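**Q** Take this structure first; my questions come after.
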Amino acid sequence: DGGITQSPKYLFRKEGQNVTLSCEQNLNHDAMYWYRQDPGQGLRLIYYSQIVNDFQKGDIAEGYSVSREKKESFPLTVTSAQKNPTAFYLCASSPEAFNWRPQHFGDGTRLSIL
Amino acid sequence: ILNVEQSPQSLHVQEGDSTNFTCSFPSSNFYALHWYRWETAKSPEALFVMTLNGDEKKKGRISATLNTKEGYSYLYIKGSQPEDSATYLCASATSGYSTLTFGKGTMLLVSP
């Protein structure tokens, strides 16, 4: 079955540590997205990529970095500069970066600080 | 940043009740409105993408309408079932290439 796989499901970070969240899709989608969810808030966009080797900052990119070296993969690194990283992270993709196409989501990764 | 509002925040209905909730968005520079259903421990699932004023879409017992002139969309569920329990998200876009802005969602609980 085609879909989006996020790993791990749960992740713990020590202070000062960088961690990387994995997102892989086998839907052959060009566009991929990273969102963050905090309690009582809507999904907020961290980074997105419309095509391989290209990505743009979203609304809350500070303290995060991404890469898009392969079409199917869009890993998110939460750096030590992100002071409040505890949140639920969702990865999504769409066939193209056009807003008349729905986004497909992974199951998410919950990141906590030790 | 767009302001997308959803109401109510949460809703508790009995099995068989019909229900509806609202998504409000800025009517200027509107391009598309998305609805997603997010069940607990699962990934959000796309329900509808609507672009035209007056659009109505239906998927089983769930339907949605769109009024771009006044900036709102309604989601209706006819004869709610316990499996409809989920958080329903809407998201708005101002252009074909802009990013989506999500509302905080409406959490629906349907009791048997």
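**Q** Using the Karplus equation 6.51 cos²θ - 1.76 cosθ + 1.60 (θ = phi - 60°), what ³J(HN,Hα) coupling, rounded to whole Hz, does each residue of region A:35-50 give in order, writing x for Gly and Pro?
**A** Once rounded to whole Hz, the list reads 10, 10, 10, 10, x, x, 10, x, 5, 10, 7, 9, 9, 9, 9, 8.
**Q** Would you mind computing, in nm to one decimal, how far apart the modelled labels at A:Asn18 and A:Gln41 are, each placed 7 Å from Cα along Cα→Cβ?
**A** 2.3
**Q** To the nearest 0.05, what FRET efficiency results for B:Asn53 and A:Ile113 with a Förster distance of 41 Å applied to their C-beta separation? Could you put the intermediate results ahead of the total?
**A** Values: r = 46 Å, r/R0 = 1.12.
Calculated transfer efficiency: 0.35.
**Q** Rounded to whole Å, give me the distance from the Cα center of region B:1-39 to that of region A:25-76.
**A** 24
**Q** When the Karplus curve 6.51 cos²θ - 1.76 cosθ + 1.60 is applied with θ = phi - 60°, which whole-Hz ³J(HN,Hα) does each residue of region A:67-77 get, with x for Gly and Pro?
**A** So the J values, rounded to whole Hz, are 9, 9, 7, 10, 4, 8, 10, 8, x, 10, 9.
**Q** Out of every Cα-Cα pair in chain A, what percent are more than 20 Å apart?
**A** 34
**Q** Using only the Cα atoms, work out Rg/Rh for the protein assembly as shown, with Rh taken as the Kirkwood radius, to two decimals. All intermediate terms of the calculation are to be shown ahead of the outcome.
**A** Details: Rg = 17.5 Å, Rh = 18.0 Å.
That ratio is 0.97, to two decimals.
**Q** I would also like to ask the following. In the structure displayed, which of A:Lys9/B:Lys57; A:Lys57/B:Lys58; A:Lys14/B:Lys42 lie more than 32 Å apart, Cα to Cα? Intermediate values should be presented prior to the final figure.
**A** Numbers: A:Lys9/B:Lys57 34 Å; A:Lys57/B:Lys58 34 Å; A:Lys14/B:Lys42 27 Å.
Going by Cα-Cα distance, A:Lys9/B:Lys57; A:Lys57/B:Lys58 fall outside the 32 Å limit.
**Q** Pull up all non-local amide H partners of A:Gly108: gap of 5 or more, or a different chain, and H-to-H distance under 5 Å with H placed in the peptide plane.
**A** A:Gln6, A:Cys91
**Q** Tell me, what ³J(HN,Hα) does each residue in region A:2-8 have, in order and in whole Hz, if you take phi through Karplus 6.51 cos²θ - 1.76 cosθ + 1.60 with θ = phi - 60° and put x for Gly and Pro?
**A** For region A:2-8, the Karplus curve yields x, x, 10, 10, 10, 8, x Hz.
**Q** Search the structure for amide H atoms under 5 Å from the amide H of A:Gly3, placed 1.01 Å from N in the peptide plane, and list their residues when 5 or more places away or on another chain.
**A** When sequence neighbours closer than 5 places are left aside, the close amide H contacts are A:Asn26, A:Leu27.
**Q** Tally Lys/Arg at +1 and Asp/Glu at -1 over every other residue whose Cβ is under 11 Å from the Cβ of A:Ala97; what's the total? Please report the intermediate quantities before stating the final value.
**A** Details: positive: A:Arg101; negative: A:Asp30, A:Asp54, A:Glu96.
Local net charge: -2.
**Q** Compute the relative contact order of chain A as a whole-number percentage, counting only Cα pairs closer than 8 Å that sit 6 or more residues apart in sequence. Walk me through the numbers on the way to the answer.
**A** Numbers: 296 pairs, mean separation 40.1, N = 114.
Reported as a whole number, the value is 35 percent.
**Q** What percent does the relative contact order of region A:1-44 come to when contacts are Cα pairs within less than 8 Å and at least six residues apart?
**A** 37
**Q** Based on the Cβ-Cβ distance of B:Leu109 and A:Thr86, what FRET efficiency does E = 1/(1 + (r/R0)^6) give at R0 = 45 Å, to the nearest 0.05? Walk me through the numbers before you get to the answer.
**A** Details: r = 26 Å, r/R0 = 0.58.
Here the calculated transfer efficiency is 0.95.
**Q** Check the straight Cα-Cα distances from B:Lys78 and name the aspartates and glutamates below 13 Å, setting aside those fewer than 8 residues away within the same chain.
**A** Qualifying aspartates and glutamates at Cα under 13 Å: B:Glu15, B:Asp17.
**Q** Regarding chain B, what is the average projected area of its C-alpha convex hull, in nm²?
**A** Taking a quarter of the hull surface, the average projection is 6.6 nm².
Every read-out reported here was derived from the displayed coordinates using simple, explicitly stated rules and does not represent laboratory data. All of these numbers come straight from a predicted model, not from anything done at the bench. Note that we place each Cβ from the backbone using ideal geometry, even for glycine, and neighbour counts take in every protein chain shown.
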